[in-house]
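What follows is calculated from the coordinates using simple rules that are stated; it is not laboratory data. Keep in mind that what you see is a predicted model, and the values were worked out from it rather than measured. Cβ: placed from backbone, ideal geometry, glycine included. Neighbour counts: every protein chain shown.
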Amino acid sequence: MIRHGILGLLIASALPLQAQDLVFSPGILANEITNISAAGESVWVGPYMNVSHDGGETWLAANVDSLRGFANSIYSIEVKGQEIWGGLGDSYVRSGSEGQTQTIHEIRGLLHSSDGGNTWDYFSYLPPIDTDPVTTGILDTPDDTLITYGSVTLSTLPITVSARTPPWDISFDPVNETLWIAGELAGIRRSPDFGRTWERVVLPPDTTKYLAPELGYDFPFAAQPVGIAPEQFRGFNFMAFAVLVDNTGTVWAGTAGGLNRSVDGGIRWHHYTIDDGLLGNWIISIEEQPRGTQPPAIWATNWLGIGGNQRLGVSVTRDGGLSFETALQGERCYDFGFDGPRVYVACDRGLYRSTDDGYTFLLENDFVDRRDPSRSIRPGAAVYAVEVVGNTVWVGSEDGLFKSLDHGNSWQIYRTAVPLDPSDLPPIVPRERVPRVSAYAYPNPFSPSSDRLTRLRFDLSNPEAVTIRIFDFGMNLVREIFFSEGSAGANEVAWDGTDKGGVRLANGTYFYAILSQEDTFWGKILIID
């Protein structure tokens, strides 16, 4: 099922959005933080475009039509000074004829702000309905079956639907004022005029190490072959997942078939694979490590692409692609952050830290809030994003956002703060999905083996100690937790699903009572393991 939004069908070019201002948010709007980008004192996080201008003390949300009601989410963020770009996407589950399911990601457009996020423009991903010489969509029209590259005309498959074309990555080149996106089957595309018109970028076929227009290559340029046997298909390098314009102006593109480098704005390309020292050919993230007067070191995550002899891990080139070094073999990683010789890598198992330019790493996966030791990240939570700005390290995980002011030695944790009274929510949140309650637990239902912890949230009128009692379905007391640090306002207490003897409880319905001097809050938790 392909879902086309009415807004996308009607808008052929960038139009100002209504209710553009940033609005107050009680905190981050989701615990699963997939993207982080920062500039100066401001840090932006996905999936719903939250921003803090004061180190996380207060939060705002971008109140824009394409995000309101959580209709879409942010798949990529690029912040360059006052210029902010957000790649919008969505996903749905498709069922196969044999009962298997597949999550399909699709593009929903782009957001752009040129004033630090105060006002926004929306750019449709669809081509104009009528002929329009001024604008083009990110996707193609059905008759876009040819593309000129140098002296040859290549046949190509037009990408006309949104499925499998999400904006996985964005890079803005402020020197040439060129915007680049990596859009899976849509490949690498660039806009020379701030998103108004788009051009397809030709990358080398899988077996080609160098591509230049004067060489006269002739091949089908398509990431989705038509009439070509799978064993003869050589277009995995056309499926793009990452793009970076580094501080020297070099363009790097990561695909399902390798890493690509261009020093002339995306015309000629060098193509690197496991044969050149990479661990795996599927590249989903590329970042640069500044090195003063030296060229930047370019880091890339390596996943398992098509073919044998591939491994998970990360690769780095310090000499512009002449050679590659590898690290963290066997680890599935997502993002990088840098502070001089310090290298941070976001991975499934946690955050890897290095103090020697990435030659040795230590794993950090026990994140505890330095202000409140009772607050911690769920054990085993994957880390998806990392950003370093000034002395601050920001890290996004599947269980919250956290920051460090001392190179990762201690942490401060931020988690979504859905208020008990939904009238305090920003307009972006669909309030009909957030009832007014006296207390709630999340996640709920709760799986102790995978979720590890459920958190009970409640408000107190005054600072005081509280007692939390857990009862089974027969109202037998199975656990009592004394919380001595209750503060006025919102509070959270974590429970690991065990009884007073530390034994994991059986599946079923459990009740909790939160007892303070003024109130008793009741709720229900369902354990499913």
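Taking θ as phi - 60°, what are the ³J(HN,Hα) couplings along the stretch 398-405 by the Karplus curve (6.51, -1.76, 1.60), each to the nearest whole Hz, with x for Gly and Pro?
Running phi through 6.51 cos²θ - 1.76 cosθ + 1.60 with θ = phi - 60° gives 7, 9, x, 10, 9, 9, 10, 9 Hz.
Straight distance only, please: which aspartates and glutamates reach the Cα of Lys524 with their own Cα at less than 20 Å, same-chain residues fewer than 8 apart left out?
Here the aspartates and glutamates satisfying the reach criterion relative to Lys524 are Asp421, Asp451, Asp459, Asp472, Glu480, Glu492, Asp496, Asp499.
Below 8 Å between Cα atoms, with a sequence gap of 6+, how large is the relative contact order for the stretch 270-373 in percent? Provide the component values of the computation, followed by the final result.
Working: 234 pairs, mean separation 19.4, N = 104.
Relative contact order for the stretch 270-373 comes out at 19 percent.
Hey, of (i) 24.7; (ii) 25.6; (iii) 23.6, which did the structure itself give for Kirkwood radius over Cα pairs in Å when calculated?
(i)
So for each of 34-43, 462-471 I average, over its residues, the number of other beta carbons within 10 Å; can you give me the resulting order with the highest mean first? Numbers along the way, then the final one.
On the way: 34-43: 19.7, 462-471: 16.0.
In decreasing order of mean packing, 34-43, 462-471 become 34-43, 462-471.
Pop out the ³J(HN,Hα) list for the stretch 284-293 in order, Karplus 6.51 cos²θ - 1.76 cosθ + 1.60 with θ = phi - 60°, rounded to Hz; leave Gly and Pro as x.
10, 8, 9, 9, 10, 9, x, 9, x, 7
Using Cα pairs under 8 angstrom and six or more residues apart, how large is the relative contact order of the chain, in percent?
Details: 1423 pairs, mean separation 52.1, N = 529.
The normalised contact order for the chain reaches 10 percent.
Residue by residue through the stretch 191-207, which ³J(HN,Hα) values in whole Hz follow from phi under the Karplus form 6.51 cos²θ - 1.76 cosθ + 1.60 (θ = phi - 60°), with glycine and proline marked x?
Those phi angles translate into 10, x, 9, 6, x, 7, 10, 10, 10, 7, 10, 7, 10, x, x, 4, 8 Hz.
Where does each of 104-112, 365-373, 330-338 land if you order them by average Cβ count within 10 Å, highest first? Write down the numbers at each step before the final one.
Details: 104-112: 22.9, 365-373: 14.7, 330-338: 21.0.
Highest mean packing first, the order is 104-112, 330-338, 365-373.
Quick query: amide H of Ala242 versus all other amide H atoms, modeled in the peptide plane; which residues come in under 5 Å with a sequence gap of 5 or more or a different chain?
Residues meeting the amide H criterion: Gly254.
Calculate the FRET efficiency for Thr520 and Val23 from the Cβ-Cβ distance with a Förster distance of 41 Å, rounded to the nearest 0.05. All intermediate terms of the calculation are to be shown ahead of the outcome.
Numbers: r = 34 Å, r/R0 = 0.84.
After rounding to 0.05, the efficiency reads 0.75.
Using Cα pairs under 8 angstrom and six or more residues apart, how large is the relative contact order of the stretch 86-135, in percent?
Working: 65 pairs, mean separation 14.0, N = 50.
Relative contact order here is 28 percent.
Between Asp472 and Asp529, what is 0.36 nm times their sequence separation minus the Cα-Cα distance? Round to one decimal in nm.
Details: separation 57, 0.36 × 57 = 20.52 nm, distance 1.60 nm.
Net length gain for the segment: 18.9 nm.
Given +1 on the Cβ of Lys and Arg, -1 on the Cβ of Asp and Glu, and no further charges, what dipole in debye does the chain carry about its Cα centre, rounded to the nearest 20?
Details: 38 positive and 65 negative charges, 189 e Å.
In debye, rounded to 20, the chain gives about 900.
Using only Cα atoms, what is the ratio of the radius of gyration of the stretch 37-164 to 2.2 N^0.38 Å?
Values: Rg = 18.2 Å, N = 128, 2.2 N^0.38 = 13.9 Å.
Here the answer is 1.31, to two decimals.
Residues with amide H under 5 Å of Phe446's amide H, sequence separation 5 or more or different chain, H placed in the peptide plane at 1.01 Å from N; which?
The list, which skips near neighbours in sequence, is Leu526, Ile527, Ile528.
Please label the shape of the stretch 267-349 as rounded, prolate or oblate, based on the square roots a ≥ b ≥ c of the eigenvalues of the alpha-carbon gyration tensor (a/c under 1.5 means rounded; beyond that, a/b larger than b/c means prolate, else oblate). If you can, show how the numbers build up before the last one.
On the way: a/c = 2.08, a/b = 1.19, b/c = 1.75.
Taking the square roots of the gyration eigenvalues as a ≥ b ≥ c, the stretch 267-349 is oblate.
Sorted by average packing, counted as other Cβ atoms within 10 angstrom per residue and highest first, what order do 71-82, 513-524 take?
Details: 71-82: 20.7, 513-524: 15.2.
Peptide ranking by packing, descending: 71-82, 513-524.
For the stretch 212-361, compute the orientation-averaged projected area of the C-alpha convex hull (one quarter of its surface), in nm².
Working: hull surface 37.7 nm².
Orientation-averaged projected area of the Cα hull: 9.4 nm².
With a/c under 1.5 counting as rounded, go ahead and sort the stretch 50-120 into rounded, prolate or oblate using the C-alpha gyration tensor (a ≥ b ≥ c being the square roots of the eigenvalues; past the cut-off, prolate if a/b is larger than b/c, else oblate). Don't skip to the answer; put the middle values down first.
Working: a/c = 2.93, a/b = 2.40, b/c = 1.22.
Here the stretch 50-120 falls in the prolate category.
According to a simple spin-label model (label point 7 Å from Cα along Cα-to-Cβ), what is the distance in nm between Val93 and Ser449?
1.9 nm
Given Gly86, Leu110, Tyr75, which one lies farthest toward the positive end of the charge dipole of the stretch 19-148, if we put +1 on the Cβ of every Lys and Arg and -1 on the Cβ of every Asp and Glu?
The residue sitting farthest along the positive end of the dipole is Tyr75.
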